[in-house]
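Heads up, the thing below is written out as structure tokens.
The values are calculated or read from the model by the stated rules, or taken from the named source; none is laboratory data. Remember, predicted model here, so these are calculated numbers, not experimental data. Note that each Cβ is placed from the backbone with ideal geometry, even for glycine, and that neighbours are counted across all protein chains shown.
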């Protein structure tokens with residue numbers, strides 16, 4: 001599993017760099033359009049559609065966010081539950097996320113076939129839409145193994161609250177270091 005985990009992490013990091021490239025191109029394109037529009041009074045055609053396509057390409061970074069566990073958590077809700085319940089909810093939500101990614105990704109790949117059949121294209125650029133559906137579908141499907149990797153890491157490194165070290169909680173670790181406790185359990189750090 002560790003070899004597969006490493007391969008998935010490398011793949012998702014590569015997708016993140018694809019996202020960085022798309023963002024850079026979008027930035028240059030937008031600045032060029034603003035300069036052309038306001039200085040030379042000749043706006044560039046198709047910039048909005050290119051930006052839409054580049055934004056879809058930026059969504060390839062979703063898989064890397066899943067591997068890293070960069071999810072949005074509602075602190076006011078999550079902090080009220082016990083630590084064990086939080087861990088169980090995180091695993092349940094991971095499974096729900098996998099189901100969601102599978103449904104959306106597979107439907108986007110079905111949309112590829114439909115888009116090809118009906119010759120869908122962007123209006124100004126007259127570029128076919130199906131490659132964007134495919135990129136978006138693959139981006140969602142890539143989130144499935146990425147979420148599995150994150151869940152595997154969380155389960156592998158899980159410690160019940162009673163077995164945790166004081167340095168596992170950032171707030172307690174700061175208090176412990178400020179009091180000179182450097183990782184000792186218990187004491188004045190609480």
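Is it the case that some residue within the stretch 137-152 is in contact with a helix residue (DSSP H, G or I) (Cβ under 7 Å, 6 or more places away or on another chain), assigned to a helix (DSSP H, G or I) and at pLDDT below 70?
No, the stretch 137-152 contains no residue that is in contact with a helix residue (DSSP H, G or I) (Cβ under 7 Å, 6 or more places away or on another chain), assigned to a helix (DSSP H, G or I) and at pLDDT below 70.
Got a number for residues in the stretch 108-124 being in contact (Cβ under 8 Å) with a residue 24 or more places away in the chain and either exposed (fewer than 14 other Cβ atoms within 10 Å of the Cβ) or within 30 Å of residue 45 (Cβ to Cβ) (or both)?
First, pick out the residues of the stretch 108-124 that are in contact (Cβ under 8 Å) with a residue 24 or more places away in the chain: 108-109, 111-112, 122-124.
Pick out the ones that are also either exposed (fewer than 14 other Cβ atoms within 10 Å of the Cβ) or within 30 Å of residue 45 (Cβ to Cβ) (or both) and you get 108, 111-112, 122-124.
The qualifying residues number 6.
Could you check the stretch 88-123 and list, in sequence order, the residues that are within 16 Å of residue 150 (Cβ to Cβ) and touching a strand residue (DSSP E or B) at 6+ places or on another chain (Cβ under 7 Å)?
none
Condition check: part of a helix (DSSP H, G or I) and more than 21 Å from residue 149 (Cα to Cα). Does residue 15 satisfy that?
Numbers: part of a helix (DSSP H, G or I): yes; more than 21 Å from residue 149 (Cα to Cα): no.
So residue 15 fails the test.
Hey, does the stretch 118-129 have a residue that's part of a helix (DSSP H, G or I) and more than 20 Å from the chain's Cα centre (by Cα)? Outline the logic, then answer.
Applying the first criterion (part of a helix (DSSP H, G or I)) to the stretch 118-129 yields none.
Scanning the stretch 118-129 turns up no residue that is part of a helix (DSSP H, G or I) and more than 20 Å from the chain's Cα centre (by Cα).
State which residue is modelled with the lowest pLDDT when the search covers only the stretch 153-162 and only residues that are touching a helix residue (DSSP H, G or I) at 6+ places or on another chain (Cβ under 8 Å) and within 21 Å of residue 97 (Cα to Cα).
So the residue we want is 158.
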